[in-house]
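Worksheet for the structure shown next.
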Amino acid sequence: MAKQKAVVIYSGGMDSFTLLNKVVKEGFDVYALTFNYGQKQVKEVEIAKKACAQLGVAHKILDISAINTLMQSSSLIGTEEIPEGHYESESMKSTVVPNRNMILLSLAIAYGVDIKAGKVYYGAHSGDHAIYPDCRPEFVQKMNDVAGIANYEHVSIETPYLNSTKGEILKDGISMGLTYETTWTCYNGRDKACGKCGACVERLEAFSENNVTDPVPYE
């Protein structure tokens, strides 16, 4: 019997890395999909490529960077400096990329229909809920409803970590025997992670919570 196909939106970060491995271990025929949407941390795209090669999963990198001209208000794309501090800080709202997950999920669902995959996975988690509207449970529910009527074939949106913290996601990854040197979380696309942006702060907290040293180099 052929394996069921699944699309995984794979950014190259630690959450999507854990998710990708989880879906592989659950026995799906996995198709990873990575997007270059003009983000400053485009380094994550190359990291994603390396991780998929190591895992031996099918991997597409889709260049949709032209859309960045529509999203200059986000500090992840435009000229504004990326803020430092915790995700719960009001300043972190500048990192919201307008409608990003709706766009990425729409493309992933189209891919799922095309290759006859019944599921699309993405790594939304509870730490995102405070500032990212497109990572909240109500968004996932409504997007799933729309996905059910947008095509003849229903492709469901799966978010196994929707109610998990980053620390809990890392704990799950550690239990699977994963190591995280082939991941990139920092919002700055420099040689080393900055250790100060919201993404880095939350990542470092997760490693500290699990009493594990983060293998990624920091400035």
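Evaluated against (1) modelled with pLDDT of 75 or more; (2) crowded, with 21+ Cβ neighbours inside 10 Å, V97 falls short on exactly one condition, (1). As a summary of the residue check, I157 satisfies the conditions (1) aliphatic (A, V, I, L, M); (2) touching a Leu at 6+ places or on another chain (Cβ under 8 Å); (3) farther than 19 Å from L104 by Cβ except for the one numbered (3). In a residue-by-residue description of segment 153-160, the property of being more than 22 Å from T34 (Cβ to Cβ) and surrounded by fewer than 21 Cβ atoms within 10 Å (Cβ to Cβ) applies to at least one position. Of all the residues in segment 1-17, those that are crowded, with 16+ Cβ neighbours inside 10 Å and either touching a Phe, Trp or Tyr at 6+ places or on another chain (Cβ under 7 Å) or closer than 11 Å to T182 by Cα (or both) number 11.
Cβ separations smaller than 7 Å between residues 6+ apart or across chains give the following pairs from segment 41-53 residues that are in contact (Cβ under 8 Å) with a residue 12 or more places away in the chain to residues that are crowded, with 21+ Cβ neighbours inside 10 Å and part of a helix (DSSP H, G or I): A51/F17. Looking across segment 21-40, the residues that are buried (at least 20 other Cβ atoms within 10 Å of the Cβ), of a type outside the set (F, W, Y) and in contact (Cβ under 8 Å) with a residue 60 or more places away in the chain come down to N21, K22, V23, L33, Q39.
Within segment 161-219, if we keep just the residues that are hydrophobic (A, V, I, L, M, F, W, C) and in a loop (DSSP other than H, G, I, E, B), the residue that is surrounded by the fewest Cβ atoms within 10 Å (Cβ to Cβ) turns out to be M176.
The values are calculated or read from the model by the stated rules, or taken from the named source; none is laboratory data. Remember, predicted model here, so these are calculated numbers, not experimental data. Virtual Cβ from ideal backbone geometry, glycine too; neighbours counted across all protein chains shown.
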